[in-house]
1. Give the residues of region 21-41 that are more than 23 Å from Tyr68 (Cβ to Cβ) and part of a helix (DSSP H, G or I), sorted by residue number.
2. For residues that are loosely packed, with under 13 Cβ neighbours inside 10 Å and not in a helix (DSSP H, G or I), scanning just region 134-191, find the one that is modelled with the lowest pLDDT.
3. Of the residues Asn7, Asn45, which is outside the structural domain of Glu172 (by TED's automatic domain parsing), exposed (fewer than 14 other Cβ atoms within 10 Å of the Cβ), at pLDDT below 90 and among the polar types (S, T, N, Q)?
4. Which condition from (1) at positive phi; (2) in a helix (DSSP H, G or I) is the one that Leu52 breaks?
5. Return the residues of region 46-79 that are among the hydrophobic types (A, V, I, L, M, F, W, C) and more than 10 Å from the chain's Cα centre (by Cα); say none if nothing qualifies.
6. Out of Tyr68, Tyr64, report the one residue that is closer than 20 Å to Arg177 by Cβ, among the aromatic types (Phe, Trp, Tyr) and not assigned by TED's automatic domain parsing to the domain that holds Met167.
7. Which of the residues that make up region 80-105 are among the basic types (Lys, Arg) and more than 15 Å from the chain's Cα centre (by Cα)?
Amino acid sequence: MAVDIDNDLYYNTQSVSGIDEDLYGMLKEKLGAKDRLSFISGLLNIYQINELELKHVRESLYDYARHYCPNMPDGSLSTRVQRSNGKTVMEKYAIDIYLLFNYVEGSVSSQVIERDVLSAHKKKQDRLNETINETCIDSSFNTESERDMIKSIVEIKQLIQNNSTYMKEQFERLEKRHESEMKCLKAELSL
């Protein structure tokens, strides 16, 4: 049975990882065997003019890839905007979804994901190395054990920051789904 991706109650009764898995399964069932153009046009046809839902599909598939693909590159999804005479934001989301889906399937490399889907901002390890180098250069920590200790502290700090950002994003997603469920319940009560 296909997942009813337009049903707000579905999103409110499933765990976030369950939603990601079900969404991936739905994409595989409905669009998995299609070529690039057919996949993208099929996705745009399913979501028609609902940019926000397509964005949620993109985020969900990104979460799925991060969870189930051990070699998923570090980084966050690129922000998509409409440029004059360019692709629409929905088309860009659909392309990202196609690439992420095929990355999970094993037919797109991590380099393509890093180049075409993830933000071009500095990657996590580059920022970590810069922070460690700045800390070690600017202070009187000269022994190897002191540098290792600083490296561990910086890594823990980065991990906490990444987890808090991720948790904030998940909370916002759940909050939006809760608001949607409340609207549905209010509509039912007013009948």
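The values are calculated or read from the model by the stated rules, or taken from the named source; none is laboratory data. Worth saying up front: this structure is predicted, and the values here are computed from it rather than measured. Using ideal geometry, Cβ is built from the backbone for each residue, glycine included, and neighbour counts are taken over all protein chains shown.
1. Answer for region 21-41, where residues must be more than 23 Å from Tyr68 (Cβ to Cβ) and part of a helix (DSSP H, G or I): Leu37, Ser38, Ser41.
2. Checking each candidate, the answer is Ser139.
3. The match here is Asn7.
4. Evaluating Leu52 over (1) at positive phi; (2) in a helix (DSSP H, G or I) leaves (1) as the failure.
5. First pass over region 46-79, keeping only residues among the hydrophobic types (A, V, I, L, M, F, W, C): 46, 49, 52, 54, 57, 61, 65, 69, 72, 77.
Within region 46-79, Ile46, Ile49, Leu52, Leu54, Cys69, Met72 meet the criteria.
6. Working: Tyr68 fails: closer than 20 Å to Arg177 by Cβ.
Checking each option against the conditions leaves just Tyr64.
7. Scanning region 80-105 gives Arg83, Lys87.
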